[in-house]
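The values are calculated or read from the model by the stated rules, or taken from the named source; none is laboratory data. Quick caveat, the model's predicted, so the values are computed rather than measured. We place every Cβ from the backbone using ideal geometry, glycine too, and count neighbours over all the protein chains shown.
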Amino acid sequence: MADADMDLDQALESAHLPALLAAVVHMTGDGGWLRPEWTPTYTPLSRGDPGLAPEVQAQIRREVKPVIEAYLAGGSLRTPSPDRPTLRRMMDFVGGGPIPETYADFLIDEIAISGKSSKDPQFEQPKLKEAARKLSVLVIGAGMSGVLAGVRLSQAGVRFEIVESNPDVGGTWLVNTYPGCRVDNSNHMYSYSFEPNHAWPQHFSPQPELLKYFRGVAAKYELKKHIRFETRVESLAWDEARSVWRVELRGKDGRAETVEANAVISAVGQLNKPRVPQIEGVGTFEGPAFHSAEWRHDVDLAGKRVAVIGTGASAYQFVPEIAPKVANLKVFQRTPPWGLPVPHYHEDVPEGVKWLLEHIPFYDKWYRFWLFWMTTEGFLPMVKADEGWNGPTTAVGEANLGLREMVAAALAAQVADRPDLLPNVVPTYPVGGKRAVLDNGVWLGALKRPNVELITQPITRITPRGVVTADGTEHEVDVLLYGTGFTASKFLSGLKVKGRGGRDLHETWAGDARAYLGMTVPGFPNFFMIYGPNTNIVVNGSIIFFSECAVRYIVGCLRLLAETGAKAIEVKPDVHDAFNIRVDDANKGWAWGSPNVTSWYKNEFGRVSQNWPFGLIDYWRASLAPNPDDFVLTREPEPVS
Ligand code: NAP
């Protein structure tokens, strides 16, 4: 928590001035604070710099200071809930320009100025509450999405149990403990919309802070009493005669148990099954070999010869951490990552910012609003494929080419003193083809170290002593680290799901997982997924936003059951199929859908099975509430044939 006696001048020095001015409008009730000459001018890579001259910034600070002092001395808020025209003006101002009217409701809902949001479960009528109490839900997983589902179900008054294979909550933030692991989405946005954290120590905090946050939310909402830890869900089977899911669990002691629930929500995530590549000889290496998500802290890397396979988001974070400790580091790269310049990636949140978030009413909302709006559709136009693009294959359109040139120049500047590295650190695939990482210089700094070698020769074999590359060299090492990602497109792997008529989900998918809005599949009534197929995002927003939308929709489906007295809700096949045709078609229009890109976003058939190809606003709209026409609602259980 920030110090209550913070020097105001110091706090104002670190303020995001547009957000602060919006807060001043709440204090004064005077929209005149949003002066045209104080409107921020952001640029794509400016990451929040309002582009105001230093003397203008100083003037703003001078003028707002007495207003804030008066408020802190016991003043009251003149306009806690501005009317819509005022809100629109505030949004335009903080966003740095007119925000299209189509976004207004979406953004107003996200910041929940009035304290109310469409994501709050709508179960307030006594009859509904009563019906909700009769439902039971089983949630698989207590990571970010499972904890969220638990919060919302408890608010709705629905009985639920969460089954988690790990001994604690946190999911990815519990499991990934590799050195340097941190969030790559601004933390003041990568947090539940209803649980802001004013004390994030860094803009992109390290893993222990994320884990602390999710543990804190689970504790605040008293979720632990609902969670069975160290228990696996092995299979689910829909009991048609009774319209319940029969769920087979296996505890840590190996004991099996069957439980029943009206509905099941999978919150198992996409990035939880490590992928160790199928390279000849894998497994023969005699020294310690492990994946980034299964980091062995008992293996001391100090003074060792270490090989890292993979240069994706995980390796990008741990390589700079281990490079100074090891004797020698060989980084095996198949494809370089795009690093977007973010100089403050590892920086602390200034104490002044924490203080403002905590003490200045609505500053936190507007600060989040700005972060949210900048990334809502912010980068999307720059990764959009131009129709009929016949420019270089290193880009998918004019804007994408412009972005490429900007980012490539930033990378090139970093290796000006090492021209040998240049051809290997600027990707040839379009920006946005894969997840870009955040660049504050430490990655290329590590690759430039004298004890680090970037190897781009393809790997042909792994031997008991090391890694052999196509040029025949055997690179002998003591420790082998896999930063090779996850089997993301194998959704729900390891979980047997038998739906209506004993239909198997994995056989239905045949390796090509699809769902309606990423959540529901025909033939699998009352079964929902959070962060399911085609709900991942590449350059915009945060997955927490998606999970919040999904949970709202799922709770809406439960509400439909409660309202109608139906026992089962099942998406219609034509609705599901038409949606998937739209998704596939739209995914072709983005950098990640380019035929020149291979990534974990595509499944074995080359279909983009991970990504949402529309705007955040489209997911928000589509998930506001289930349309009963999209579903078959079954009142009585189907007769058993
Ligand atoms: P990843 O992005 O899938 O990267 C895997 C790396 O391993 C790639 O460089 C890949 O090369 C390489 N690779 C795979 N198989 C290989 C083989 N047989 N030979 C040589 N190289 C091989 O995995 P990740 O780094 O674990 O990240 C996965 C996702 O997790 C990210 O995209 C992100 O969404 C999330 N993540 C987020 C953060 C964060 O900052 N919050 C941190 C870590 C991860 P190719 O590119 O050529 O396939």
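Determine whether region 366-379 contains at least one residue that is among the polar types (S, T, N, Q) and touching a Leu at 6+ places or on another chain (Cβ under 8 Å).
Yes, there is a match, as at least one residue in region 366-379 is among the polar types (S, T, N, Q) and touching a Leu at 6+ places or on another chain (Cβ under 8 Å).
Kindly indicate whether any position in region 282-296 is within 11 Å of the ligand (Cβ to nearest atom) and surrounded by fewer than 19 Cβ atoms within 10 Å (Cβ to Cβ).
Checked against the condition, which is being within 11 Å of the ligand (Cβ to nearest atom) and surrounded by fewer than 19 Cβ atoms within 10 Å (Cβ to Cβ), region 282-296 yields at least one hit.
Of all residues in region 139-191, count the ones that are in a strand (DSSP E or B) and either more than 16 Å from the ligand (Cβ to nearest atom) or out of contact with any helix residue (DSSP H, G or I) (no Cβ under 9 Å at 6 or more places or on another chain) (or both).
Of the residues in that region, 7 qualify.
Just wondering, is there one or more residues in region 407-415 that are away from the ligand (no atom under 14 Å from the Cβ), small (Gly, Ala, Ser) and without any contact (Cβ under 8 Å) to a residue 12 or more places away in the chain?
Yes, there is a match, as at least one residue in region 407-415 is away from the ligand (no atom under 14 Å from the Cβ), small (Gly, Ala, Ser) and without any contact (Cβ under 8 Å) to a residue 12 or more places away in the chain.
If Asp253 satisfies all but one of (1) free of Cβ contacts under 8 Å to residues at least 60 places away in the same chain; (2) at positive phi, what's the number of the condition it fails?
Unmet condition: (2).
For Leu21, state whether it is at pLDDT below 95 and part of a helix (DSSP H, G or I).
It is false that Leu21 is at pLDDT below 95 and part of a helix (DSSP H, G or I).
Please go through region 432-451 and give me each residue that is more than 14 Å from the ligand (Cβ to nearest atom) and on the phi < 0 side of the Ramachandran plot, ordered by number.
Across region 432-451, the qualifying residues are Leu444, Gly445, Ala446, Lys448, Arg449, Pro450, Asn451.
Among the residues of region 476-495, what is the count of those that are crowded, with 19+ Cβ neighbours inside 10 Å and in a strand (DSSP E or B)?
So the answer is 5.
Considering only region 539-553, state which residues are aliphatic (A, V, I, L, M) and buried (at least 24 other Cβ atoms within 10 Å of the Cβ).
Listed by number, the residues that qualify are Ala550, Val551.
Being over 24 Å from Gly95 (Cα atoms) and buried (at least 22 other Cβ atoms within 10 Å of the Cβ) narrows it down to one residue among Val383, Val396; which is it?
Answer to the check: Val396.
Determine, yes or no, whether Arg559 is within 23 Å of Val244 (Cβ to Cβ), modelled with pLDDT of 95 or more and touching a Leu at 6+ places or on another chain (Cβ under 8 Å).
yes
Filter region 452-475 down to the residues that are of a type outside the set (A, V, I, L, M), surrounded by 15 or more Cβ atoms within 10 Å (Cβ to Cβ) and more than 14 Å from the ligand (Cβ to nearest atom) and list them by number.
Thr463, Arg465, Gly466
Mind checking which residues of region 469-483 are touching a Ser or Thr at 6+ places or on another chain (Cβ under 8 Å) and touching a residue at least 12 places away in the same chain (Cβ under 8 Å)?
Residues satisfying the conditions are Thr469, Ala470, His475, Leu481, Tyr482, Gly483.
Within region 594-614, how many residues turn out to be within 21 Å of the chain's Cα centre (by Cα) and either within 16 Å of the ligand (Cβ to nearest atom) or at pLDDT below 95 (or both)?
Qualifying residue count, region 594-614: 11.
State whether the residues of region 269-277 include one that is in contact with a Leu (Cβ under 9 Å, 6 or more places away or on another chain) and either away from the ligand (no atom under 12 Å from the Cβ) or within 30 Å of Val632 (Cβ to Cβ) (or both).
No, the conditions are met nowhere in region 269-277.
Conditions (1) assigned to a loop (DSSP other than H, G, I, E, B); (2) within 11 Å of the ligand (Cβ to nearest atom); (3) over 28 Å from the mean Cα position of the chain (by Cα); (4) surrounded by fewer than 18 Cβ atoms within 10 Å (Cβ to Cβ), marked per residue:
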position: Gly303; (1), (2), (3), (4): yes, no, yes, yes
position: Thr311; (1), (2), (3), (4): yes, yes, no, no
position: Ser314; (1), (2), (3), (4): no, yes, no, no
position: Val319; (1), (2), (3), (4): no, yes, no, no
position: Pro324; (1), (2), (3), (4): yes, no, yes, yes
position: Arg334; (1), (2), (3), (4): yes, yes, no, yes
position: Pro337; (1), (2), (3), (4): yes, yes, no, no
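Could you list, in sequence order, the residues of region 52-80 that are of a type outside the set (A, V, I, L, M) and surrounded by 13 or more Cβ atoms within 10 Å (Cβ to Cβ)?
Once the filter is applied, which keeps residues that are of a type outside the set (A, V, I, L, M) and surrounded by 13 or more Cβ atoms within 10 Å (Cβ to Cβ), region 52-80 yields Gln57, Gln59, Arg61, Glu63, Lys65, Tyr71, Gly75, Arg78, Thr79, Pro80.
Among (1) outside any strand (DSSP E or B); (2) over 26 Å from Pro533 (Cβ atoms); (3) not assigned by TED's automatic domain parsing to the domain that holds Glu476, where does Thr258 come up short?
All conditions pass for Thr258, except number (1).
Scan region 235-242 and give yes if some residue there is of a type outside the set (D, E, K, R) and either buried (at least 19 other Cβ atoms within 10 Å of the Cβ) or within 30 Å of His475 (Cβ to Cβ) (or both), otherwise no.
yes
Does region 504-514 contain at least one residue that is modelled with pLDDT of 95 or more and more than 23 Å from Glu604 (Cβ to Cβ)?
no
Report yes if some residue within region 554-572 is within 16 Å of the ligand (Cβ to nearest atom) and within 23 Å of Asp120 (Cβ to Cβ); otherwise report no.
No.
So, Leu357, is that one more than 20 Å from the chain's Cα centre (by Cα), buried (at least 16 other Cβ atoms within 10 Å of the Cβ) and without any contact (Cβ under 8 Å) to a residue 12 or more places away in the chain or not?
no
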